């Protein structure tokens with residue numbers, strides 16, 4: 001495979017894996033589940049928003065690290 005096509009293929013595969021990871025559910029331990037359910041709906045929404053923000057920040061740092069550490073042939 002040509003390097004350009006390989007890069008495009010890996011990029012597309014990475015994006016597809018990223019979107020499929022969004023459908024994964026957490027294990028939901030009993031204590032966390034009970035604590036979250038006992039909070040008001042506004043706090044539950046804030047938790048969901050914070051989880052998305054933290055996941056986005058971690059993904060951004062990971063991708064930035066890959067870009068910075070990538071070696072050109």
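Each reported figure results from applying straightforward, stated rules to the coordinates on display, with no laboratory input. Fair warning: this is a prediction, and the values are worked out from it, not measured in the lab. In this analysis, Cβ positions are derived from the backbone assuming ideal geometry, glycine residues included, and neighbour counts consider all displayed protein chains.
Normalised by the empirical 2.2 N^0.38 Å for globular proteins, what value does the Cα Rg of segment 29-73 take? Write out the running numbers ahead of the final one.
On the way: Rg = 16.9 Å, N = 45, 2.2 N^0.38 = 9.3 Å.
In units of the 2.2 N^0.38 Å rule of thumb, it is 1.81.
Please give the contour-minus-distance gain from residue 39 to residue 54: 0.36 nm per residue of separation, less the Cα-Cα distance, rounded to one decimal in nm.
3.4 nm
How much FRET efficiency would the formula 1/(1 + (r/R0)^6) give for residue 31 and residue 61, where r is the Cβ-Cβ distance and R0 is 30 Å, rounded to 0.05?
Approximately 0.55, to the nearest 0.05.
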